[in-house]
Every structure is written in C-alpha cells, then in structure tokens.
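Quick notes on the structure that follows.
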Amino acid sequence: MMLDDLRQTLDEVGHCIWSLDLPTGQVTLSPTCGRLLGVPAERLATFAAFQALVHPDDRQARSDAIGRALGEGGGYEVEFRVVRPEGGIRWLRSRGQVRLGPDGRPARHSGVILGIDEQKKAEADLRAREAHMQSILDTVPEAMVVTDADGLIHSFSTAAERLFGYPAAEIAGCNVSVLMPEPMRGAHAGHIERYRRTGERRVIGTTRVVTGRRRDGSTFPVEITLGEMRSGEQVFVTGFINDLTQHQWTQARLRELQSELVHISRLSAMGEMASALAHELNQPLGAIANYTNGCRRLLADPDPEAIARTREGLDKTAEQALRAGQIIRRLREFVSRGETEKRIEPVTRLIEEASALALVGAGEQGITAHFALDPQVSAVLADRVQVQQVLVNLIRNAREAMLQSARRELTVETRTLGPGSVEIAVSDTGPGIAEEVADRLFQPFVTTKPGGMGVGLSICRSIVEAHGGRLTVERNRAGGATFRLTLPTAREGASLHAG
C-alpha cells in the first residue's frame, strides 16, 4: 500500500517511473510517462520505440549512456530532448539503474524520467544574461579584475588582457599582486590579511591612483576603483582599472601648449608695446648722452665749481642708467618663458611691476592712473609672471578702451574678500562692454577690437582659474568696464618670495 502511495505521489509531481525485466522483456510504466512524451504508454514498450521519439541530435548520447550501464551495470544520467507528435520539443532528464544477475548479465533495468523544460529555460536565460554581460565587459574600455578574499584572480576582462598583457586563462588563479610592482607587491599580502581579520574597508569603495605592472615588467600609472560583492559566504572584490598613461601625457601636452600660448601672447603684447617702450627707453638714454656731453665740456676747463657740477652730472647719469636698466629688466622678465611655479608673492609688488610695464606711454595719451591698494592685502600664492601678464593685459585693454573718451582715468584697487581670497579690480572710463559680447567676452576668438584675435581675455581667465581664482567683468558707475580678478591668499607664516 505504501509503495502504491509513493508511485501516486511521484506521478502527481510529474515523474515517470519505469521498469524493464530484461529476461522477459516486460515493461512497466507509470501514467506520467505517456504524458511527458505525448504518446500512449503502450507505444513505449521497446527501446526502439522510445528512441524514435528522441531528438535525432540526442539519440546517440542516450544510447551510449544506456549501453555502458547494460555492459557494466550501475547507474547513468542523461539529458535529452523528445519530439512530441504535435511537433513540440520537450527536455527530459533520465536516471536509470541496471542490476546484474548472478550470472553477471543484466537482469533488470529501471529508472525515472522527469521534465526539465523550466530548468533548461532558466539555464538558457542565464547563459543569455552571462553572454550579454560578457559582451559588455569585452567592450567596456575599463579593465575589470575580480578576485576572491585571498586575492586570487577569478575573472579577467578582455580590456584587462590588453592592458596587462596576460591571457585570462593564464592568469586565472594567480594572486592579483602579480599586477603590482614592488614594494606594493610585497605589502599586498599584509593588506589582504588585515582585511580578512578586521573586515575594515580601507580601499573598498574608493578611487586611487597607483602603479600597475605589465607582463613584460613595465610599469604604468593606473586609476583603480574597488568594490565588494558577497555571494553566500564568499567575498569577491571587483577592481575597475583605467590606464592613465595617455591621460597624463595629454595633460602634460595641454600644459605645454598653454605655456606656448601664454608665451606667444606675451610676445604679441610686447610687439604692440614696442613703440611706447622705445620712447620710454629713449628718455633715459637721451638724458645719459646729454649729461655725459655736459660733463665732458665741464672737464675741458676744470675748476672747483666745474668739478662739483661734473660730479652732479655723473650722479644723474647713473640714475638714468638705472632707470633704463629697470625697464629692460621688467621687459626681460615679462617676455621670458620661465617655468610655471606658484610662490608667495606680495600683491602690491605684482601690481607695481605690472603697471610700470603696462602704463609705458600712458601719460602721452592723456591717461591718469589711480591706485587704491588696501594695506591689509598682503600676499597671494601665484606664478608671478603669469599673474602679471593678466594684469598687463587688463591695464592695456583699459588704456585702449579710453582712447576715444573725453575722460581717461584708470583705477587699480585691491581689497580682501573674506579670509581666503583677495580681489584686484581694474576700472576704466571707456564706453563699457557691448551687450552683444558681454556674456561671451572670455570665450576664445571673441573680441571688441577691430584687429584683435580674441584670445587675450580667454588666456587670462584660464590663468586665473588655474590659480584657483575667478575673472569677471561688469559695467561701473562711470560707464566703463571693471574687471575683477580674485586670487587665493597665501597661508599665514609662509615666507615671501624675495626673487
């Protein structure tokens, strides 16, 4: 009775039970067998009849599995498809057992068959998802490396193969430290042990810039982001890795090109100021010539009074020589390419030196310059030559803007903006900024000058922003323009650059 209940239960859950007495050829089948294969149970009385329902591509595998069991005894398990009479395909799993008789020959063959369509569909869906995920990992530009809690590599993406030079099949199972140079490689085991012991996530969830090591031993900078994933009791760490070699080269090249553009801009500015500078230099040089000629005449007939006047003339000659030398020194410093290096610079000196150069010849143009420098403004962290280039450019623009104005006043002011920054404002009494270009004034190739290239203010803003500051413009009360330049202040206690 219990056996009948068991058979009924198996039948209800869709398990086909069958038994074949080999000496007599008698077959016993449960009702489910016919339902699974879609034919009456009496059509399944022989191996050939059952085999005829099996998908042609699976017949040989089923036949081989059963043949081995019949020859040696024991069990087997095989999955196969059957073609139902209505044309449908169904997946089945067959588990069989062959018992041998006393003579060593097979005596009884029995087993169970169950439908596995849902399982096969789930497996197919899983394979499709895995294939989709793999296709994404194969095309994503970031290298992906998955390790277990011991640091052993479980997954190595196609991008990782290209980046490190290892085939995935070769590096699988290796410790991830092979991708690191010394001393990182030697220290990695300690990091893994601490992570396993304490569970402390020092680098999980962070992005760091470290050094990677290729298969050929060469090293290169990489950016790595680590994430943790748990599967049951297992812990896996996934690393997404970017090669920074090209990025760093590009950044270096951009800095180089910016430096070139800044240098060319300075040379262009000097070309425009050449005539004014020549006039400025001619004054001390002409004075030197006059003083020396006067001294020569006085010494032609020396007397105590002539010698005293000669001494006075020589002193004035020296003063004019120093004046000319200062002009040349400012010119040389401004045009010099130099290296970009931020130092502690006094704001007053930055303005004085830049304005001395930019205001050459301003008096002849009827321009009056005013300076309102707040004594509380001390020093900023800046590259002196670059910031002075900005100031020279702003002052020269203000001069040019006022050439057609009746009132020509240029003002340079400084003030403190809170504890962290200072402001330098350059104002003019010109016509102001036209509305059609006001919101685009700092974009490259936008200019209000008839012959201008429109790169000066764009370069100025780039320099200021590289210093952590801002450069803005607004219309002032006089109707002209006011450019406001902010820079971060130097830390207290830092020494000023004396150079």
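Tell me the Kirkwood hydrodynamic radius of the range 140-243 in angstroms, computed as one over the mean inverse distance between distinct C-alpha pairs. Mind showing how you got there, number by number?
Details: mean 1/r = 0.0725 Å⁻¹.
Across the range 140-243, the inverse of the average 1/r is 13.8 Å.
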- line: Most exposed to least, judged by fewest other Cβ atoms within 10 Å, 121, 316, 342 sort to 121, 316, 342
Projected-area mean, the range 2-121, by convex hull of Cα positions, square nanometres: 7.8 nm²
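Which GluC sites (Glu not before Pro) does the range 81-157 hold that lie in a coil by DSSP with at most 11 other beta carbons within 10 Å?
Here the GluC sites (Glu not before Pro) that fit, given the DSSP loop and packing criteria, are 86.
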statement: Here, residue 79 and residue 193, labelled 7 Å along Cα→Cβ, have an inter-label distance in nm of 4.4 nm
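We did not get these values from a lab; they are worked out from the coordinates using the rules stated. The structure displayed is predicted, hence computed values, not measured ones. As a convention, Cβ positions derive from the backbone with ideal geometry for all residues, glycine included, and neighbour counts pool all protein chains shown.
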